[in-house]
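Working notes, beginning with the structure itself.
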Amino acid sequence: MKDQPPKWADRFLAWYCDPDLLEEIQGDAHELYRERLRDKGRVIATVRYWWDVIRFLRTSNVKKVNAVTGSTYLSIFWNLDFRIALRNAFKNKFTFLVKTGGLAVCLAFTMAIGLFVVRELSYDRFHPGYRDMYRIGSMVELDGVVTRYGVSPFKMGPTLATELPEVVGYTRLLHLSKPLFRKDAETFSHTRAIMADSNFLSFFGYRIIHGDKTALDHPQMAVITESTARLFFGNADPIGQTIEFYRNMLEVGAVVEDVSQSHLDFDVIVSWDTFDHRDVWENINAYTYVRLHPDVSPEKATIFIADLAGEYLANMIAEYNAKYDPIIQNVADIHLGEHLDEDIAVRRKASNVYILMVVMVFFLLIGLVNYHNIALAELSTQARRFVILRIFGGVYALPSRVVVTDAVLTLLTVVPLALMLMWLCLSLTSSWLGVSADFTQIGPATLVALPAGFIMIVILSAWLNSWVVGGGVRKSEYATLINTSKVAPARKYFLAAQLCFSFLMLGLISIVIDQFRFINSYDKGIDHANTAVITLPNNDISNASVLTDELRKLSGVVGAEVTSYFPAGQIETRGVFELESEEGMKQRLVQYLHSSPSFFSMMKVKVVEGKMFEPELPGGPRKFLVNQTAVREFGWKEAVGKKIVGSDDGREGVVTGVVQDFHLGTLHEPIEPLVIFPANEDWGANFVYIKTDATHAPDLVARMEKVHAAVYPDQPFELNYLEARYESLYREDFQIQRILLVGLVISVIVTCLGVFGMSALLMALRTREMGIRKVVGANRQQLFYLHMKLFLGVVIISMVAGIPLIYYLSGYWLNTFAYRIAPGILHSVLPCLCIIVIVFATAGWHANRNALVNPADVLKYEN
Amino acid sequence: MIQKGGHLGEFEELVLLGAASLVDEPYGVSIMKYIQSEAGRQVNISAVHEVLKRLERKGYLKSKMGGATTERGGRRKRYFFLTAAGKRTLEESMRLKLQLYKRVPNFSI
């Protein structure tokens, strides 16, 4: 017994091996084993035996399909069907490539976008019980003007929690603008910070890595994110370390995971009691979050909150003659939700996400349509194959089985290919497209994609199969298959869908490009070029004046002025003013801006009426400017001389001039009425705008830094460029454009392939027909036209369907702009021409080949 | 002329020569040992089997079962004998090689 070869290896061999070959294979293996046992010893003999058994595992040795008992485990993959499918794929390599390649590319693109969309849709879902967590905003109506804010009264949170049983928990936070952290000699100015109530960490689901939830209970405490900890303290343990924040020493109490997929984006949380707060209802500057009882609907809660707020704010409401209503938003809805004023949430326009979802679905459909179009056409050319298979293959070559195995083969090729493509593209283009992929989601994505894809393909193939063959190749269907002049309507519509989609993409891209051109060339009323901006650390006007004076002395600097506005840099832009009107002084919430007098001339904003204000004399009447929209909205016929009273200081002033409307923000927002007044000690300056010569010495920035360091020795020097800033405001739109571009390229490629493939198969079907026609007397042009006829019909269908779709879909995106182009005729004509060119190039090539066919060659053989 | 697919690969030729030389017992293990001793190449038994099957398919060998031993647990061996076609192929291949080698200058064959 001892010199028997290893039992399990032997059993394994006996199990997989074809019984006809087993005797000789096993015999040889045993013989070798005995020899090695003699010469080399037991261990070597055993190892080599196992190795031989493994090496014997080849397709030619493996068990074949047993005609009587049915297939065994191993042979399922190697039975007749799969081989046939493989053989077919290799024989018609091009068709196979087109089919699966097109599907793989579309699938990859769809999945890539899908990952992004899924990520965007699931913001803030990691908070436990997020369905009951809401943020309360404020809707304020002042003299008929309604403004919706993201902030709410300071006292609202705690009051709601104590007085309303429906509210089971709350937290609040404050936005900290321009946070500056200092550790030893280093200054950190790029961190984002919020100030949060002690229950912040218990309320939200941000994962705590070190420390615990009590970290915000005491004043002078901070909670930081992982990467911020590394930034501040390197690899040292951050807990217990201190960092300086505006002359406060904060102690780090806890570290949380880096924030992603949340509408709140912060690096540091400072505990609430570190600063004193004006903790009253009238201070509407906090962000309040509440947790409702699960049985309470948000609508009901809104009513309770509104009543409560009405009580506490009664004085303020009466004084300003205003209306106040709470706005309630579920935390998971904030990211894609409506735009609110003074909102620090990380937001994305929901319409953009929906556009992407539509693109996704379209792409998937196009990939599938392409695949089945070609598969359908391919099957039609192979009716003979089925007949022969039937004869020789018996029960194993049922056409249905062939189609299904074809589908399995496709799936096995497509899915890994698509996954690979997607991973490749995402890693290469994540920065370009602005799509950050969460690779941890690829696992579940694959698990979903695989069975879904399999089911889809199998179902569609089964449908195809029943359409094509119907349980047996009957004579009439056979006739239909080879009936070349009538093309099944299904095929036509499939092809039309493909063309329509490309048409759509072409149209949308041309509209997007046009709109961007419009944005660039639109006169924004203000000159952004060559302007650098420095953020001032405080509102102190005298320091700012010193800085601007010094900056003006530098050569290469054309002007330096202060102002209160920087695109997307300021949260608070509206204030209450009393304006003169027919009925006396009326209160209104208006956008405002304060700046030095020469600011507007430096930025080339024209004064259309009256004049610019001169530097103010203390004690004199306040001088105001308004913009043209303000004149219109306030109902003034003559603006100069009208009275305005600022709410905070009650000083009366007069309008001295009207400036031309200029765009403060993107062209998404309409221009609003604007009140402008000079920057002074009360209303300081927040930003310094520096206009430089277009061609200035390269060391200008260094010189500016020196000047800055002289006036603000403790502050880091940071220069922003106005033009770049404006461009970054359009970030989302650029993303859309890029995604559409990629989509366009892919859809054109897939469509070309699809049309080409279809055309090739069609040509294969019709060579005999063309030969006969030629013999009977048709000339080249007629044959060309015959082949193209099918495609031209399809093109027209796709255009007719596509044109209204272009206008409808582009409307979604264009409507997000207050200033936009109207999609015109050109946007349909251009895609039409492109589609015609594509079809002519691809199908025309075959039409040409067909037309040149030599009748003698094709009519030699019977079909 | 040898038709398409009929040309001998290098290893195939080696195995065929082995089968042709071993007059008495040309089967898997013996051919494998022959190659090892004559050509100095270590080959796996499964590779030899595969080539033998291929050569049989091509018609250069014909196989027969026989020769059971106790070492093999009573299992028979499959012998592969050279066919006329196989002999012809070998001869032609050798002739061609010699012809070409003779044309190379400074070769001592």
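The values are calculated or read from the model by the stated rules, or taken from the named source; none is laboratory data. This is a predicted model, so every value here is computed, not measured. Cβ sites come from the backbone with ideal geometry, for glycine too, and all protein chains shown count toward neighbours. Each accessible area value is taken on the protein alone, full model and side chains, heavy atoms only, with ligands, DNA and RNA left out. Shrake-Rupley method; radii C 1.70, N 1.55, O 1.52, S 1.80 Å.
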Under 5 Å between amide hydrogens, which residues at least 5 positions from A:T225 or on another chain qualify, with H placed 1.01 Å from N in the peptide plane?
A:V256
Using modelled backbone amide H atoms (1.01 Å from N, in-plane), which distant-in-sequence or interchain residues come within less than 5 Å of A:V168's amide H?
A:R291, A:L292, A:H293
Over region A:116-187, with neighbouring protein chains present, the accessible area per residue in Å² at probe 1.4 Å is 39
Listed residue pairs exceeding 25 Å between alpha carbons, taken from A:K553/A:K611; A:K63/B:K64; A:K178/A:K623:
A:K553/A:K611; A:K178/A:K623
Along region A:160-175, what does the Karplus equation 6.51 cos²θ - 1.76 cosθ + 1.60 (θ = phi - 60°) give for ³J(HN,Hα), rounded to whole Hz, x for Gly and Pro?
4, 5, 7, 8, 9, x, 6, 9, 9, x, 8, 7, 9, 9, 10, 8
Where A meets B: accessible area buried, both sides, 1.4 Å probe, Å²:
2000
Specify whether the C-alpha gyration tensor of region A:119-177 places it in the rounded, prolate or oblate class, a ≥ b ≥ c being the square roots of the eigenvalues: rounded for a/c under 1.5, otherwise prolate if a/b is larger than b/c and oblate if not.
oblate
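Can you give the net charge of the other residues whose Cβ lies under 11 Å from the Cβ of A:M603, counting K and R as +1 and D and E as -1?
+2
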Residue by residue through region A:690-702, what is 3J(HN,Hα) from phi via Karplus (6.51 cos²θ - 1.76 cosθ + 1.60, θ = phi - 60°)? Round to whole Hz and write x for glycine and proline.
10, 9, 10, 5, 4, 10, 10, 4, x, 8, 4, 4, 5
Relative contact order for chain B, counting Cα pairs under 8 Å that sit 6 or more residues apart, in percent:
23
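Quick check: from the Cα gyration tensor, does region A:134-287 come out rounded (a/c under 1.5), prolate or oblate?
Judged from the Cα gyration tensor, region A:134-287 comes out prolate (a/c at least 1.5, a/b above b/c).
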Output wanted: per-residue J couplings in Hz (rounded whole) for region A:199-213, from phi through Karplus 6.51 cos²θ - 1.76 cosθ + 1.60, θ = phi - 60°, x for Gly and Pro.
8, 4, 6, 7, 6, 8, x, 5, 6, 8, 8, 10, x, 9, 5
Net charge near A:S297, counting Lys/Arg +1 and Asp/Glu -1 over other residues with Cβ under 15 Å of its Cβ?
-2
Let me spell out the model: positive unit charges on the Cβ of Lys and Arg, negative unit charges on the Cβ of Asp and Glu, origin at the Cα centre of region A:175-334. What dipole size does that give, in debye rounded to 20?
280
With the full set of protein chains present, the residues of region B:48-81 whose 1.4 Å probe accessible area falls by 40 Å² or more relative to the chain alone are B:H49, B:E50, B:K53, B:E71, B:R72, B:R75, B:R78
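Summing Lys, Arg as +1 and Asp, Glu as -1, what charge do residues with Cβ under 15 Å from the Cβ of B:E38 carry, B:E38 excluded?
0
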Long-range amide H partners of A:G137 with built H, under 5 Å:
A:I327, A:I328, A:Q329
